[in-house]
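The values are calculated or read from the model by the stated rules, or taken from the named source; none is laboratory data. Here the structure is a predicted model, which means the values were calculated and not measured. As a convention, Cβ positions derive from the backbone with ideal geometry for all residues, glycine included, and neighbour counts pool all protein chains shown.
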Amino acid sequence: MNNQSYNKEELQKEIDEKVRASFQGDGSLEELVCFTLENFSYRYLETKNLKDLKPSLISSHTWRIEGRESDLVEALKATNPQTKKKLIDEAKSHAKKDGATVTSWMEIQLEDNKVKCRAGVEWKTDSSQIIINAKEASMAYDDVLELRNKLAKILEEVCEVF
């Protein structure tokens, strides 16, 4: 039994080292960020009319993915009570001619061994833009393995705005 736990520890160390090594190449952190954003967009941003969203690099260390919903009945189905109430309030004062859309977005910023995740919901018309709800969380990491293991949890925390 003791020998078996030693083997498990050694195996875990080997796996961890292989994961760390996989992040040594160019673009590997970008792949992790994009993969994570795409998976979360499937759950939180895609609509029946908007599928296969792809993140884009909006600054040297920040990736963003967003979905837009112009069918306001669909947009008002937010599960966060605060977001839903604010969306309903905006919809009540909405005139159809002003081109209202609801934009939901997520961002991940990686810089200096820190990750910052943001998510938000915005009401946009032809003439204005209002932030309905937004949330941010961040974490410092010493090891890319720690980032890999905790990135989804941090992003999930900020996605509570949806």
Just need a number here: residues in segment 51-95 that are surrounded by 15 or more Cβ atoms within 10 Å (Cβ to Cβ) and either among the aliphatic types (A, V, I, L, M) or without any contact (Cβ under 8 Å) to a residue 12 or more places away in the chain (or both). 9
Does segment 10-17 contain at least one residue that is at pLDDT below 90, in a helix (DSSP H, G or I), within 22 Å of N113 (Cα to Cα) and touching a helix residue (DSSP H, G or I) at 6+ places or on another chain (Cβ under 6 Å)? yes
Only listed residue being more than 21 Å from E31 (Cβ to Cβ), charged (D, E, K, R), surrounded by 12 or more Cβ atoms within 10 Å (Cβ to Cβ) and within 14 Å of the chain's Cα centre (by Cα), chosen from K124, K135: K135
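Being within 17 Å of N49 (Cα to Cα) and either surrounded by fewer than 19 Cβ atoms within 10 Å (Cβ to Cβ) or modelled with pLDDT of 90 or more (or both) is the filter here, so list the residues in segment 100-114 that pass it.
Narrowing segment 100-114 to residues within 17 Å of N49 (Cα to Cα): 100-105.
Within segment 100-114, T101, V102, T103, S104, W105 qualify.
Hey, does segment 66-86 have a residue that's hydrophobic (A, V, I, L, M, F, W, C), outside any helix (DSSP H, G or I) and at pLDDT 95 or above?
Looking only at segment 66-86, we keep the residues that are hydrophobic (A, V, I, L, M, F, W, C), and these are 72-73, 75-76, 78.
Filter again for outside any helix (DSSP H, G or I), leaving 76, 78.
Subset that is at pLDDT 95 or above: none.
No, that holds for no residue.
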Run L110 past the list (1) in a strand (DSSP E or B); (2) in contact (Cβ under 8 Å) with a residue 40 or more places away in the chain; (3) under 19 Å from A78 (Cα atoms) and report the number of the one that doesn't hold. (3)
Please enumerate the residues belonging to segment 126-162 that are without any contact (Cβ under 8 Å) to a residue 40 or more places away in the chain and assigned to a loop (DSSP other than H, G, I, E, B). D126, S127, S128, Y141, D142
Looking at segment 131-162 only, could you name the residues that are of a type in the set (A, V, I, L, M), modelled with pLDDT of 95 or more and closer than 19 Å to M106 by Cβ? I131, I132, A134, A137, M139, L151, A152, I154, L155, V158, V161
Here the residues within segment 35-45 that are buried (at least 17 other Cβ atoms within 10 Å of the Cβ) and either under 17 Å from K150 (Cβ atoms) or among the acidic types (D, E) (or both) are T36, L37, F40
